[in-house]
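Taking it in order: structure first as structure tokens, then the write-up.
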Amino acid sequence: MAEEEPLAQLVLDAIRRRRRATLAEILQEIFREPRPEDERRVRNILDRLRITGAAVQVGEHWYDARIFRRLATERPGITFTEARLAQVTGIPVEAVRELIPFLIRRRYLTQIAPGVYQTPRKLFRIQKYRSYKTTKHPELYRVEFDKAEKLPRQLVLEQHAPEEITTEMEEGVFSSVRIVIYTTNPEAWPEERLERIMRALFAQVGLTPELSSGLPYVDTAQAYESVEIEPDEKPEDIDLEEPQILAWISVKRGFTYLYEYRRGPLGWETYRRYKVR
């Protein structure tokens with residue numbers, strides 16, 4: 001599946017350049033003489049892009065949905081007519097009209113008058129933590145962060161974190177996993193949904209801490225929270241409705257590794273990996 005990643009980026013680039021594109025136009029941009037197997041591969045990638053919310057299909061046309069994700073966070077509370085939306089996004093007015101139901105359903109826009117729409121005034125950060133703590137040689141492990149993290153109160157109550165704003169977990173915490181989503185629609189991200197996403201990652205990458213959670217000397221704590229934030233609190237490199245998973249792993253040698261996962265067109269992928277301390 002890894003060989004499909006460059007092709008997925010080419011597909012997204014083709015849609016972005018054209019603003020809207022049919023399957024035939026995408027194939028013409030990427031392949032000199034598309035073969036039937038090329039068309040099958042691109043169809044599969046388009047389906048995956050639709051599932052992950054990176055692209056949207058209306059009729060025969062495909063659109064880059066990330067344009068509207070960015071619009072919702074970069075211009076909070078701004079009103080737009082269909083003509084103004086077309087001007088800002090570079091998408092023809094007739095295509096904007098086709099997209100309006102999708103944009104309202106995703107809450108990138110709300111309708112405030114006939115033909116007049118508004119980007120959301122509020123933005124929410126939804127996150128769930130899972131923390132793993134050992135009683136077997138706990139002095140060998142402690143998750144450390146590269147900056148102060150704001151943790152849910154529940155992790156403090158379960159003695160996995162010393163306080164809500166901290167640069168390290170309690171002694172013995174050998175891993176902490178966080179899934180975070182920035183959204184205008186918090187009701188769409190209940191804890192059960194975040195749990196399913198987290199387990200899908202565990203199943204795909206075989207994350208070691210989760211495999212040890214059933215051991216008698218390992219205590220697992222969980223916490224979920226939904227918080228309203230200012231639009232500028234959202235990192236620029238994360239789109240709306242785009243789950244990100246961070247996994248901090250403490251090792252015996254006295255430092256912590258951070259793994260950042262993003263959900264790409266073909267599943268979860270390691271975005272970055274580095275030593276924290």
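The values are calculated or read from the model by the stated rules, or taken from the named source; none is laboratory data. All of these numbers come straight from a predicted model, not from anything done at the bench. Here the Cβ is made from the backbone with ideal geometry for all residues, glycine too, and neighbour counts use every protein chain on show.
Given the criteria surrounded by 15 or more Cβ atoms within 10 Å (Cβ to Cβ), modelled with pLDDT of 90 or more and under 23 Å from the mean Cα position of the chain (by Cα), does Leu85 qualify? Lay out the reasoning, then the answer.
Working: surrounded by 15 or more Cβ atoms within 10 Å (Cβ to Cβ): yes; modelled with pLDDT of 90 or more: yes; under 23 Å from the mean Cα position of the chain (by Cα): no.
Judged against the criteria, Leu85 is not a match.
Mind counting the residues in the range 68-82 that are surrounded by fewer than 19 Cβ atoms within 10 Å (Cβ to Cβ) and either in a strand (DSSP E or B) or at pLDDT below 85 (or both)? Don't jump to the end; show me each part of the working.
Our first condition is that a residue be surrounded by fewer than 19 Cβ atoms within 10 Å (Cβ to Cβ); within the range 68-82, this holds for 70, 74-79, 81-82.
Okay, now just the ones that are also either in a strand (DSSP E or B) or at pLDDT below 85 (or both), so 70, 74-76, 79, 81.
Adding up the residues that qualify gives 6.
May I ask you to say which residue of Glu187, Glu195, Glu228 is charged (D, E, K, R), touching a Phe, Trp or Tyr at 6+ places or on another chain (Cβ under 6 Å) and surrounded by fewer than 20 Cβ atoms within 10 Å (Cβ to Cβ)?
Glu228
Quick check: anything in the range 259-272 buried (at least 17 other Cβ atoms within 10 Å of the Cβ) and modelled with pLDDT of 90 or more?
yes
Take the residues of the range 30-64 that are small (Gly, Ala, Ser) and at pLDDT 85 or above: which is surrounded by the most Cβ atoms within 10 Å (Cβ to Cβ)? Even if it seems obvious, please write down each step before you answer.
To start, the set of residues in the range 30-64 that are small (Gly, Ala, Ser) comprises 53-55, 59.
Then drop every residue that is not at pLDDT 85 or above, which leaves 55, 59.
Numbers: Ala55: 23, Gly59: 9.
The selected residue is Ala55.
Give me the pairs, please: first residue somewhere in the range 174-198 and closer than 18 Å to Arg106 by Cβ, second residue anywhere and surrounded by 17 or more Cβ atoms within 10 Å (Cβ to Cβ) and small (Gly, Ala, Ser), beta-carbon distance under 7 Å, and either six or more positions apart or on two chains.
Thr184/Ala72
Does Val96 satisfy the condition of being assigned to a strand (DSSP E or B), on the phi < 0 side of the Ramachandran plot and at pLDDT 85 or above? Break it down into steps so the answer makes sense when it comes.
On the way: assigned to a strand (DSSP E or B): no; on the phi < 0 side of the Ramachandran plot: yes; at pLDDT 85 or above: yes.
For Val96, the condition - assigned to a strand (DSSP E or B), on the phi < 0 side of the Ramachandran plot and at pLDDT 85 or above - is not met.
Pick from the range 199-236 the residues that are under 24 Å from Leu123 (Cα atoms), touching a strand residue (DSSP E or B) at 6+ places or on another chain (Cβ under 9 Å) and of a type in the set (Asp, Glu): which of them is modelled with the highest pLDDT? Steps first, answer last, please.
From the range 199-236, those under 24 Å from Leu123 (Cα atoms) are 222-236; that's our starting set.
Then drop every residue that is not touching a strand residue (DSSP E or B) at 6+ places or on another chain (Cβ under 9 Å), which leaves 222-231, 233-235.
Among the residues that remain, those that are also of a type in the set (Asp, Glu) are: 225, 228, 230, 233.
On the way: Glu225: 93, Glu228: 90, Glu230: 81, Glu233: 82.
Looking at residues that are under 24 Å from Leu123 (Cα atoms), touching a strand residue (DSSP E or B) at 6+ places or on another chain (Cβ under 9 Å) and of a type in the set (Asp, Glu), I get Glu225.
Quick one: which strands (runs of 3 or more DSSP E) lie wholly within the range 162-277 and hold at least 3 residues that are at negative phi, in the same structural domain as Ser131 (by TED's automatic domain parsing) and among the polar types (S, T, N, Q)? Break it down into steps so the answer makes sense when it comes.
On the way: elements: 165-168, 173-183, 218-229, 244-250, 256-264, 267-275.
Hits in the range 162-277: 173-183, 218-229.
Just checking, which of Ile78, Ile51, Ile67 is within 27 Å of Phe124 (Cβ to Cβ) and either aromatic (Phe, Trp, Tyr) or without any contact (Cβ under 8 Å) to a residue 24 or more places away in the chain (or both)?
On the way: Ile78 fails: either aromatic (Phe, Trp, Tyr) or without any contact (Cβ under 8 Å) to a residue 24 or more places away in the chain (or both); Ile67 fails: either aromatic (Phe, Trp, Tyr) or without any contact (Cβ under 8 Å) to a residue 24 or more places away in the chain (or both).
Of the residues listed, the single one that is within 27 Å of Phe124 (Cβ to Cβ) and either aromatic (Phe, Trp, Tyr) or without any contact (Cβ under 8 Å) to a residue 24 or more places away in the chain (or both) is Ile51.
Among the residues of the range 48-67 satisfying the criterion of being assigned to a loop (DSSP other than H, G, I, E, B) and more than 13 Å from Ala8 (Cα to Cα), which is nearest to the chain's Cα centre (by Cα)? Give the steps one after another, and end with the answer.
Pass one, the range 48-67, residues assigned to a loop (DSSP other than H, G, I, E, B): 53-54, 59-60, 65.
Then drop every residue that is not more than 13 Å from Ala8 (Cα to Cα), which leaves 53, 59-60, 65.
On the way: Gly53: 10, Gly59: 26, Glu60: 27, Ala65: 14 Å.
If we take residues in the range 48-67 being assigned to a loop (DSSP other than H, G, I, E, B) and more than 13 Å from Ala8 (Cα to Cα), then Gly53 is nearest to the chain's Cα centre (by Cα).
Quick one: count up the residues across the range 12-43 that are without any contact (Cβ under 8 Å) to a residue 40 or more places away in the chain and in a helix (DSSP H, G or I).
Of the range 12-43, the ones without any contact (Cβ under 8 Å) to a residue 40 or more places away in the chain are 13-14, 17-18, 23-43.
Next cut, in a helix (DSSP H, G or I) only: 13-14, 17-18, 23-30, 36-43.
Of the residues in the range 12-43, 20 are without any contact (Cβ under 8 Å) to a residue 40 or more places away in the chain and in a helix (DSSP H, G or I).
Filter the range 110-155 down to residues that are small (Gly, Ala, Ser) and in contact with a Ser or Thr (Cβ under 8 Å, 6 or more places away or on another chain) and give me whichever is farthest from Phe68 (Cα to Cα). Outline the logic, then answer.
Taking the range 110-155 first, the residues small (Gly, Ala, Ser) are 113, 115, 131, 148.
Within this subset, residues satisfying the condition of being in contact with a Ser or Thr (Cβ under 8 Å, 6 or more places away or on another chain) are 115, 131, 148.
Working: Gly115: 17, Ser131: 34, Ala148: 31 Å.
Only one residue tops the list, namely Ser131.
I'm checking my understanding of the structure. Among residues of the range 232-250 that are touching a residue at least 60 places away in the same chain (Cβ under 8 Å) and more than 16 Å from the chain's Cα centre (by Cα), which one is surrounded by the fewest Cβ atoms within 10 Å (Cβ to Cβ)? Steps first, answer last, please.
We begin by selecting, within the range 232-250, every residue touching a residue at least 60 places away in the same chain (Cβ under 8 Å); these are 233-234, 239-250.
Still in the running and more than 16 Å from the chain's Cα centre (by Cα): 248-250.
Values: Trp248: 24, Ile249: 21, Ser250: 26.
Of everything passing the filter in the range 232-250, Ile249 is surrounded by the fewest Cβ atoms within 10 Å (Cβ to Cβ).
What number of residues within the range 1-11 are in contact (Cβ under 8 Å) with a residue 40 or more places away in the chain and not hydrophobic (A, V, I, L, M, F, W, C)?
The total comes to 2.
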